[in-house]
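The values are calculated or read from the model by the stated rules, or taken from the named source; none is laboratory data. Keep in mind the model is a prediction, meaning the values are calculated, not measured. As a convention, Cβ positions derive from the backbone with ideal geometry for all residues, glycine included, and neighbour counts pool all protein chains shown. Each accessible area value is taken on the protein alone, full model and side chains, heavy atoms only, with ligands, DNA and RNA left out. Shrake-Rupley method; radii C 1.70, N 1.55, O 1.52, S 1.80 Å.
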Amino acid sequence: MQLLSIQLKNIKSHRDKEFSFAPGINVLSGPNGIGKSTIFEAVGYALFGVDARDFVGNIDRFVTIGEKRGEVKVVFQPGDEEIYRASRTVGGNSKWLLAKKIGEDFEVEDHANAEETQARIKELLGLDNGRSLADQFKLVIGPFQNDFLGPFVIKQPTKRQEAFDEILGIDAWRKTYKGSKALLDAVTHQIDLIAAEVEAKQEQLEVLPERKQELKEVKTARKGHGDKLKSETAAHNKASAELQQFDQQKEKLDKVRSGLEQARASVVSGKEYIGSQSTLVRQSEEAVKLLGKHRPGKETFEMAEALLKQLREHDQQRRVIEQDVATLGREALRLSESFEHENKEIKQSQLDLNSEKQKLDQERQRLRPDPQVVVDAAKLETVRAQLEEAQTARNMLDGSRSSLLEGHDKLAKGICPFFQEPCQNIAGKEPRDAFTTRFAAIDELSKQHDQQIVDLRIAVDTAEQAEKNLEEIKIRSTSLDRQVETFAIRQKKLVERNAGLEKLAVDKSEAEAKSAARKKSLDAFARLDEEINQAEQQRLDHQQDRDEYNRNHQCAEDLPSRRETLSKYQERMASLERELLTESTKEQRLSQSYSAEQHHNLRLQQDTLQDSLATLKEQINAFERDQQRLKGEIENLKKVKEEIDRRLVEKKRFKEKEALVKFLRNRVFRNVSERLSERFREEISQRAHSIYRVIAEIDEELYWGENYQIVLRDMANGEIRERTDDQLSGGQTMSAVVALRLALLQTIGARIAFFDEPTSNLDATRRENLAHAFRAIDVGKEEVTEHWYDQLFLISHDVAFTEVTDQILTLE
């Protein structure tokens, strides 16, 4: 497994950078804050899927300031031949893609989601051990700088054990043991619930024999009432048949009597109709006589009515002409007044326009610019460029002088600027003076540039003032041009008003001529009012004849139909008298064969039997309801018994589950995590001890003790001495942690690792030993451990690593 390169775009301080890596040990060096740790974080983000918020808290801070999106691309070679590229964007809709190199290009693999991408990268890296790539990176492969000591220095044994159980992936057994307690409690609680439920249901079964005996008694009583119901039903049917015969006789008699009464009423009503119709016939005959009397007067009235309508139409025409005459007179007066007013306004406007034109010509003459001002303004851009060049040159001289001064001070102290240590190249020598002459030359050039800057600033001020004056003249000229345009528009409108004045005079003459013509049309209506009065008088004189004629006209026209109706009424009366005689004979015959008293007795007998039947049916229904209720209760009690049996079987199964959970908790879950922890600690302790001895170069044994406590053993006064925690120095703790982390990486099978400042708290000897330990592992020296990693990445300022590294990446 080998990382080939990484490309960062808009990631923290790296706007667009690419770094290539070599096999073996790669050291990243450079000043603090330059972005060395960011490269490790970018590898974790793009290749291992670590959340950016684990590095910076707020994901926006992982992107370069001022940018909205960033991207990391990591090219790696998991085996001997195939090359892949993992890329992941930051900000917005983040995407995590894996691409395989085919020829000169990378082809993206088709993954449904991030989970599939992670599974594929796990397979390629050989880290498919059940834990997420992000957890493996944060806990073991590339712990953050502040978390390097991390769980190793936790004081509480329980918390330290939980942390390393999680790192080694054996915490699931302990969590399972704790979690199974809730399962055991739930099973026990379920057993108690079933026991209480069975006890309550068994109390319900005690009434089952009583319900069976009650059901037997109800069935017996129901049978007796059923027999009685059959006998009374037969008697009721017989009485109903006899009663039906009497009902039919009575119905026929009532029908005949009803018809007889209707016939008598019809005879009386018919006589009344005949009398009324005779009166109507006499009224129609009288109306015919009155029509002949009033017809001449009615015709004279209608002629006067027609003439009056025609005269009123003439009156309406006269009113229209009078209104036209009044309207035309007012229009002629309005046009005359408008002509006089418009003529006066046009003359005054022409005088005002002439005065304004004279003022505009005078103002344009005053706005001509001074030729010298035009020349000064044209130089503005040139002198500005010269001023910027002079200021830039002056700033460069200041920068050169500051750099010379800084070099002079550091050289005088004999300190190397990069490693912050005494420089071995000038140790014991007197530095020669190479700065005085250069300082003097820079100061002389600075004075010359200062004088040039002063002169150029004066020229810029003069040119800017000239440009400002020209701009003011331009603004005023623009305003004057707008005034001239406005003047032209007003002059044009005045010409248009003159043309409108001529049209106004023509309209006035036409209105006066139309008014005179309409007045002459009124002569044809001189006698109209007299003719209207005569027609109205004639109409009033004959109005009574017209009213009498109209009042009797309809009655006279109805005379034939009224005579015909009277004849029909008389024929119907004769028929009704014959029907009345027939119905009277039939009623006498039916009354002799019907007995009202016998009919009444039969109805009373039927009512009594019907009440008795209803009572028996209700009693039988009550017995049936009791029978159904008892059957339901008995059936429910049987179901309760079945439920009790079922719940007892279920209780037995829960008892078996309870025994199984207790066995697993006490015999399996409790011991597995402890045994796995012991085996891991023994294996890792052996590997870590070999590495520690190379780093420390002292006769001490590193052992990873109970609860993952760091223990150092040595001989003191002939006895074994053990030191832990606060008894260890910072250098001993750091050396032990580095050794244990290297052993952990080998145990989980990681082929690459990242160490951020691993030499903190180590003295010079231990730093050199650590560097040689890394190299010894890389070449596979047996006294350290077998070769297990392909690449190791370090962030360090320590010169010891420059001797053993395969590549140094210096960030500037």
To the nearest Å², the heavy-atom accessible area per residue of region 126-274 with 1.4 Å probe amounts to 61
XL table Lys68/Lys95; Lys631/Lys651; Lys219/Lys617; Cα-Cα > 23 Å flagged, in table order, is Lys631/Lys651
With a Förster distance of 35 angstrom and the Cβ-Cβ distance between Ile65 and Leu404, calculated FRET efficiency to the nearest 0.05 equals 0.60
Highest mean packing first, using Cβ neighbours within 10 angstrom, the peptides 535-546, 127-138 sort as 127-138, 535-546
Projected onto the charge dipole of the chain (unit charges on the beta-carbon of Lys, Arg, Asp and Glu, signs +1, +1, -1, -1), the Cα from Gln358, Ser729, Val454 with the largest positive-side position is that of Gln358
For Rg/Rh (Cα atoms, Kirkwood Rh), with candidates [x] 1.38; [y] 0.98; [z] 0.96, the value calculated from the shown model is option [x]
Residue-normalised value, i.e. accessible area per residue, for region 475-519 at 1.4 Å probe, in Å², stands at 72
Per the 1/(1 + (r/R0)^6) rule, R0 = 41 Å and r from the Cβ atoms of Gln204 and Glu116, FRET efficiency to 0.05 is 0.10
In debye to the nearest 20, the charge dipole size for region 562-716, taken about the Cα centre with +1 at each Lys and Arg Cβ and -1 at each Asp and Glu Cβ, equals 420
Measuring from the longest principal axis of the C-alpha atoms of the chain, the long axis of helix 543-557 (C-alpha) lies at a number of degrees, nearest 10, equal to 90
Expressed per residue, the solvent accessible area of region 623-726 in Å² (1.4 Å probe) is about 64
If the chain between Ala441 and Gln365 were fully extended at 0.36 nm per residue, the gain over the current Cα-Cα distance would be 21.6 nm
Computed over the chain: longest principal axis from alpha-carbon atoms vs helix 436-520 long axis, angle to nearest 10 degrees, is 10
With +1 at each Lys and Arg Cβ and -1 at each Asp and Glu Cβ, the charge dipole magnitude of region 361-406 around its Cα centre, to the nearest 20 debye, comes out at 120
Given Cβ charges of +1 for Lys and Arg and -1 for Asp and Glu, the option among Leu522, Gln2, Leu630 whose Cα lies farthest towards the positive end of the dipole of the chain is Leu630
XL table Lys289/Lys309; Lys359/Lys492; Lys216/Lys638; Lys309/Lys520; Lys230/Lys639; Cα-Cα > 28 Å flagged, in table order, is Lys289/Lys309; Lys230/Lys639
In region 28-172 the accessible area split gives carbon plus sulfur, as whole percent at 1.4 Å, a share of 44
Distance in nm between Asp806 and Met1 label points, each 7 Å along Cα→Cβ, equals 1.5
The helix 157-168 Cα axis meets the longest alpha-carbon principal axis of the chain at an angle in degrees, between 0 and 90 and rounded to 10, of 80
Note on region 161-297: alpha-carbon gyration tensor, axes a ≥ b ≥ c; rule is a/c under 1.5 for rounded, else prolate if a/b larger than b/c, else oblate; result oblate
Flagged as over-length at 31 Å C-alpha distance, from Lys17/Lys138; Lys9/Lys175; Lys357/Lys508, the pairs are Lys9/Lys175; Lys357/Lys508
per DSSP, antiparallel bridges as share of beta bridges in the chain, % nearest 5, sits at 75
Once Thr747 and Ile346 are pulled to full extension, the length gained, defined as 0.36 nm per residue separation minus their Cα-Cα distance, is 133.4 nm
If unit charges are put on Cβ atoms (+1 for Lys and Arg, -1 for Asp and Glu) and the dipole of the chain is taken about its Cα centre, the option from Leu133, Met303, Ser690 lying farthest towards the positive end turns out to be Met303
If the chain between Glu232 and Ala516 were fully extended at 0.36 nm per residue, the gain over the current Cα-Cα distance would be 90.4 nm
Taking protein heavy atoms only, a 1.4 Å probe, and rounding to whole percent, the accessible area of region 561-669 owed to carbon and sulfur comes out at 50
Taking R0 as 22 Å and r as the Cβ-Cβ distance between Leu501 and Thr327, the FRET efficiency 1/(1 + (r/R0)^6), rounded to the nearest 0.05, comes to 0.40
